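Data block below; observations after.
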């Protein structure tokens, strides 16, 4: 300041004009708008994927519960409404709580699904197929591995793996993975029935497991189930594997070279029209009805399996018109 109190250098204290402020706001919106949009889209996709995963787990747990219960226990537990129509029984349970969400459950048990016939009209399903009555084969004299519901379980799991993967890879421009149905998984399903024979400190261990995958459907992954795992007594007669074939089937046999005993493997297929690929580097003797033209033993038909469909609906939904949140398939034995 000079001696009279006036500023030597004048200060511009007018501040920002309205135009300058609006320009700043516009620039900020242009820069941060897309970033905020991507963040919101990502949050929605992740939330939806997490919800699908939680609903799948809930449906799978209910399916496992149904499999573990007797038919009387099922009718007592899922008893809000029961409808019997021919070979099909439908059970209903309302308002099942899962975290913050509530659902209605519909369980459909159908034994008619396993009454298939081939183009010639011959029965090939588990419930009308005349299966062998084997009285000379028992767990004391043989290792017995039976494939029951594993294929239907694998189809459901692989399909839900694909659904979760499709949601996880979705971007703000849409899905990056094509749309596939559960039938696509079923048609392209591959299975490797792995028979492993190991020598563990002088004890022979036998493990039979089924490994499923579907390379045609991205993100479906693989699923495996142990059909049997037990000791093999040297006085036993052999290993029996009972299975219902699928289109892409393979049997892989691994046997430790230190095992000198002769061990026979018997593959019993429910449909002899299907062949099978055999990978047998240990040269284990294999016998199968796939290559035989005469029946093995006396046979009979009876109800053995039920197709189980678990449908998860939002609470209060109309079962006739609403689309289920999740549909889970499995099989229950009689």
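The values are calculated or read from the model by the stated rules, or taken from the named source; none is laboratory data. Bear in mind that the values here come from a model prediction, so they are computed numbers and not experimental data. Virtual Cβ from ideal backbone geometry, glycine too; neighbours counted across all protein chains shown.
Please enumerate the residues belonging to the stretch 267-286 that are over 17 Å from residue 191 (Cα atoms) and in a strand (DSSP E or B).
Matches in the stretch 267-286: 286 only.
I'm trying to understand the selection: among the residues of the stretch 209-227, which are within 11 Å of residue 185 (Cα to Cα) and either outside the structural domain of residue 246 (by TED's automatic domain parsing) or surrounded by 19 or more Cβ atoms within 10 Å (Cβ to Cβ) (or both)?
212, 213, 214, 217, 220
Out of all the residues in the stretch 172-200, which are in the same structural domain as residue 240 (by TED's automatic domain parsing) and assigned to a strand (DSSP E or B)?
Listed by number, the residues that qualify are 190, 191, 192, 193, 194, 195, 196, 197, 198, 199, 200.
Scanning for something touching a strand residue (DSSP E or B) at 6+ places or on another chain (Cβ under 9 Å), modelled with pLDDT of 90 or more, in a strand (DSSP E or B) and under 24 Å from residue 245 (Cβ atoms), does the stretch 146-158 turn up at least one residue?
yes
Condition check: part of a strand (DSSP E or B), over 20 Å from residue 167 (Cβ atoms), in contact with a strand residue (DSSP E or B) (Cβ under 9 Å, 6 or more places away or on another chain) and modelled with pLDDT of 80 or more. Does residue 62 satisfy that?
no
May I ask you to list the residues in the stretch 287-305 that are in contact with a strand residue (DSSP E or B) (Cβ under 9 Å, 6 or more places away or on another chain) and either modelled with pLDDT of 85 or more or not in a loop (DSSP other than H, G, I, E, B) (or both)?
287, 288, 289, 290, 299, 300, 305
Could you tell me whether any residue of the stretch 163-183 is in contact with a strand residue (DSSP E or B) (Cβ under 9 Å, 6 or more places away or on another chain), more than 18 Å from residue 327 (Cβ to Cβ) and at pLDDT below 95?
No, the conditions are met nowhere in the stretch 163-183.
Got a sec? Which of 74, 105 is more than 30 Å from residue 168 (Cβ to Cβ), at pLDDT 80 or above and either part of a helix (DSSP H, G or I) or under 25 Å from the mean Cα position of the chain (by Cα) (or both)?
74
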